[in-house]
Amino acid sequence: MRVIILDHEPFHDRKINHYFIDDFLSQGYEVEYWALCDILPYMKGAKFQYRGKRDFVNYIVSMNDLFARLALLDPNRDLLVVEIWFLFNTKDIFKKIESKGLKWIKIDYYLNPTKSLEPSTSLTSRFKGVQFKMVFNKLINWVFIRLLKHDYAVPNIFYLTGQSFEYAPKAREVVALDYFDVVEYNKKKNQPPPLAYSYVVFLDIMLLDHPDIDMLGKKNVISRSAYYIKMNEVFDKIERCTGLPVVIASHPKATYRDEFGKRLVISNKTAELVIHSAMVLTHGSLSISYALLSKKPILYIYLESFFLKDEFLQSIYEAMLLGKIHFGAEVISENFDCSLLNLEVNVERYNDYLSKYFCKKNHGIGNFNIVKNGILKLMNED
């Protein structure tokens, strides 16, 4: 049996865990990763600092190339894992998958955690401040997705995290998983601390350079130099208030030099850094899951001089306010008072939020086995 992953991003090593690639390979499955980043219209202009290569990775060069590859697939042995947006200008891909009789699944780790912190916005506000061409495309997609029937774009199985299905799209079956940070936390919670001293950790979201900004058609209005000057001033004050250094848990896709001054910047150690920290700072990283799991105080930071003057950044600020409602996080600007750093953790609210959006009920069965068993059942159906 062959598992073929259609993803809108270039390959990155994080995709190995996301799609259980090593697990499938170790059990005798064939695996292919088809990167569609070069051919999808909504990916045009997206900037990535990585473009991983492996024997199983293929970068698709055109729509004709993709359709030719799909035409060669066997519905009896090939299973698709699809991670592309369903839009008006991607509908033909889904139609091709349907016409071939191919079965496909979607694994969405981000839906529940993201939707639970997504401020509600009107259609008008979604289009505000966006160029005419972008407005037109958004309107077409909004009408297409919400007002027309498209059963050909319904996955056989939709996997999402947590026990709430309120945000689940139409699917033939919806199945719960643990968010992958839950799995990572359970592996690392008893490991020795990464640093020999107490510290506060900042969960970096690569705010200035994240490719999602381009994919969503947004323009980053923050001056790079002004942002880092302001953030380092905030960190200086937090260090004075707490007596603890701020350590940067770098976004895995970021490459930093001296943007945070002399502060320690650590990549690929986010779980360990959060688990052993005294406090967690962020603009809105989903890695707050580690803070929720390890019961650490969470402090959201927004900058009045930027966040309240731009629609996209204001939506991030509004998500922070939802975090305050859901699990009692504190929200501060650059003009905060030190007394706001004396945070207490509401364990009951933390656990309730985790169960709804991050953790499945049955912890005895791992995510890979849940996905594998679903695929096997699906492929044996006739």
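The values are calculated or read from the model by the stated rules, or taken from the named source; none is laboratory data. No experiment lies behind these values; they were computed from the predicted model shown. Please note: Cβ atoms are built from the backbone with ideal geometry, for glycine as well, and neighbour counts cover all protein chains shown.
Criterion first (under 26 Å from residue 151 (Cβ atoms), of a type in the set (D, E, K, R) and in contact (Cβ under 8 Å) with a residue 12 or more places away in the chain) does residue 83 satisfy it?
Values: under 26 Å from residue 151 (Cβ atoms): yes; of a type in the set (D, E, K, R): yes; in contact (Cβ under 8 Å) with a residue 12 or more places away in the chain: yes.
So residue 83 passes the test.
Six or more apart or on different chains, Cβ atoms under 6 Å: show the pairs whose first residue is in region 98-117 and under 17 Å from residue 169 (Cα atoms) and in a helix (DSSP H, G or I) and whose second is at pLDDT 95 or above and not small (Gly, Ala, Ser).
Cβ pairs passing all conditions: 111/160; 112/160; 112/161; 112/357; 113/357.
With (1) farther than 27 Å from residue 82 by Cβ; (2) part of a loop (DSSP other than H, G, I, E, B) as the list, and residue 381 as the residue in question, which single condition is left unmet?
(1)
Criterion first (loosely packed, with under 15 Cβ neighbours inside 10 Å, touching a residue at least 24 places away in the same chain (Cβ under 8 Å) and of a type in the set (A, V, I, L, M)) does residue 371 satisfy it?
No, not satisfied.
Here are some residues: 62, 26. Which one is without any contact (Cβ under 8 Å) to a residue 40 or more places away in the chain, polar (S, T, N, Q) and within 21 Å of residue 373 (Cβ to Cβ)? Spell out the reasoning first.
Working: 62 fails: within 21 Å of residue 373 (Cβ to Cβ).
Criteria check complete, one pass: 26.
Quick test for you: out of 249, 271, pick the one residue that is buried (at least 17 other Cβ atoms within 10 Å of the Cβ), free of Cβ contacts under 8 Å to residues at least 60 places away in the same chain and not in a loop (DSSP other than H, G, I, E, B).
Exactly one of 249, 271 is buried (at least 17 other Cβ atoms within 10 Å of the Cβ), free of Cβ contacts under 8 Å to residues at least 60 places away in the same chain and not in a loop (DSSP other than H, G, I, E, B), namely 249.
Identify, from the list 325, 316, the residue that is touching a His at 6+ places or on another chain (Cβ under 8 Å) and hydrophobic (A, V, I, L, M, F, W, C).
That would be 316, the only listed residue that is touching a His at 6+ places or on another chain (Cβ under 8 Å) and hydrophobic (A, V, I, L, M, F, W, C).
What are the residues in region 66-80 that are surrounded by fewer than 18 Cβ atoms within 10 Å (Cβ to Cβ), in contact (Cβ under 8 Å) with a residue 12 or more places away in the chain and within 18 Å of residue 39 (Cα to Cα), if any?
The answer is 67, 69, 71.
Within region 274-301, track down each residue that is touching an Asp or Glu at 6+ places or on another chain (Cβ under 9 Å) and in a loop (DSSP other than H, G, I, E, B).
Within region 274-301, 283, 285, 286, 287, 297 meet the criteria.
Out of region 262-288, which residues are hydroxyl-bearing (Ser, Thr, Tyr), under 18 Å from the mean Cα position of the chain (by Cα) and closer than 18 Å to residue 330 by Cβ?
Quick first cut of region 262-288, residues hydroxyl-bearing (Ser, Thr, Tyr) only: 267, 270, 277, 282, 285, 287.
If we keep only those that are under 18 Å from the mean Cα position of the chain (by Cα) as well, we get 267, 270, 282, 285, 287.
The answer is 282, 285, 287.
What about residue 301, is it within 28 Å of residue 11 (Cα to Cα), surrounded by 19 or more Cβ atoms within 10 Å (Cβ to Cβ) and at pLDDT 95 or above?
Considered against the rule, which asks whether it is within 28 Å of residue 11 (Cα to Cα), surrounded by 19 or more Cβ atoms within 10 Å (Cβ to Cβ) and at pLDDT 95 or above, residue 301 comes out as no.
Matching residues to (1) more than 11 Å from residue 276 (Cα to Cα); (2) polar (S, T, N, Q); (3) touching a Ser or Thr at 6+ places or on another chain (Cβ under 9 Å); (4) surrounded by fewer than 17 Cβ atoms within 10 Å (Cβ to Cβ):
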{"site": "162", "(1), (2), (3), (4)": "yes, no, yes, no"}
{"site": "175", "(1), (2), (3), (4)": "yes, no, no, no"}
{"site": "184", "(1), (2), (3), (4)": "yes, no, yes, no"}
{"site": "199", "(1), (2), (3), (4)": "no, no, yes, no"}
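Going through 220, 186 one at a time, which residue ends up being in contact with a Leu (Cβ under 7 Å, 6 or more places away or on another chain), at pLDDT below 95 and either part of a loop (DSSP other than H, G, I, E, B) or of a type outside the set (Lys, Arg) (or both)?
220
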